[in-house]
Amino acid sequence: LHGFHDGGINMVGVAIAKGGFQVDGNPVTGNATLFDGNSLETGEVPSELHLREGARMLLASDSRGTVYRDRLVLERGLGELTSGPGYQIEANGLRISPEAPNAKARVAFHGVRQVQVASLAGAFRVSTTGGRVVAFLAPGGALEFDPQAPGRQPVFSMTGCLEQRGGRYILRDLVAGVLEEVRGRGLDRYVGDVVEVEASEVLSAKPATGAEEVIQISKIRRVSGGCPAPPASAKPAPGIAQPSSAG
């Protein structure tokens, strides 16, 4: 679909399936043209979406989403995005955005509340639809979010080395070297250890120098004693947001 143009109509791509699916509640078999704002619901078989600028989406069986020019809003089930420039997935108030071309991510609803995000290739930035960064996801990483009440930040989990610098607590991701300033109770006894935390962003807080943001820890668990040194290749360049892995 490279190079196709609207011609005054908001065409955003096509859906293809080896069976039936629904577009805006209407049954379709085989394939259908998709327009901006169409709702697509799969049945017993998945549907493959070929979207603008080379983006591709696999919508698993028993899944539902709304398709727009720049994003797919997943409402149920599982979607797998192979990114084109600027194309994103949204799910339950989260926006999953590729950091590089040809990145590939799987986004799925898990149970009643949780949203799972996994990077199959490339790095991804996870933010709220309002633009506040929640987490960075390195290639091969995965994380799970527990939706909060409206107006509250989603909770995410992250594993890293807890350090103390200049009187502040810093969590260093072990894969990419990304730094987060962390706040919480009883952190002294975890300094120098690898920990897994559940946390949410502290809005309007200014992070320590070099840290991406400030996060408030709600749960912390020691994974192992002693922190490995950061690999030289993983140190982020000044001013450039690097992805981190979270579990």
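The values are calculated or read from the model by the stated rules, or taken from the named source; none is laboratory data. Remember, predicted model here, so these are calculated numbers, not experimental data. Cβ sites come from the backbone with ideal geometry, for glycine too, and all protein chains shown count toward neighbours. Just the protein is used for accessible areas: all its heavy atoms, side chains included, with ligands, DNA and RNA removed. Shrake-Rupley method; radii C 1.70, N 1.55, O 1.52, S 1.80 Å.
Checking the condition part of a loop (DSSP other than H, G, I, E, B) and of a type in the set (Gly, Ala, Ser), which residue from Ser39, Ser61 passes?
Working: Ser39 fails: part of a loop (DSSP other than H, G, I, E, B).
Testing whether each residue is part of a loop (DSSP other than H, G, I, E, B) and of a type in the set (Gly, Ala, Ser) leaves just Ser61.
Of the residues Arg168, Arg183, the single one that is farther than 20 Å from Ala138 by Cβ, among the charged types (D, E, K, R), open to solvent by 30 Å² or more (accessible area, probe 1.4 Å) and in contact with an Asp or Glu (Cβ under 7 Å, 6 or more places away or on another chain) is Arg168. Between Arg95, Arg71, Arg106, which is at pLDDT 95 or above and open to solvent by 20 Å² or more (accessible area, probe 1.4 Å)? The unique qualifying residue is Arg106. Please verify whether Ala176 is part of a loop (DSSP other than H, G, I, E, B) and either surrounded by fewer than 17 Cβ atoms within 10 Å (Cβ to Cβ) or at pLDDT 90 or above (or both), treating the condition exactly as stated. Answer is no for this residue.
Please work out which residue is modelled with the lowest pLDDT, limiting yourself to the stretch 21-57 and to residues that are among the aliphatic types (A, V, I, L, M) and touching a Lys or Arg at 6+ places or on another chain (Cβ under 9 Å). Walk me through it before giving the result.
Start the filter on the stretch 21-57 by keeping residues that are among the aliphatic types (A, V, I, L, M), which leaves 23, 28, 32, 34, 40, 45, 49, 51, 55, 57.
With touching a Lys or Arg at 6+ places or on another chain (Cβ under 9 Å) added as a condition, the list becomes 40, 45, 49, 51.
Working: Leu40: 97, Val45: 95, Leu49: 96, Leu51: 90.
In this case the residue turns out to be Leu51.
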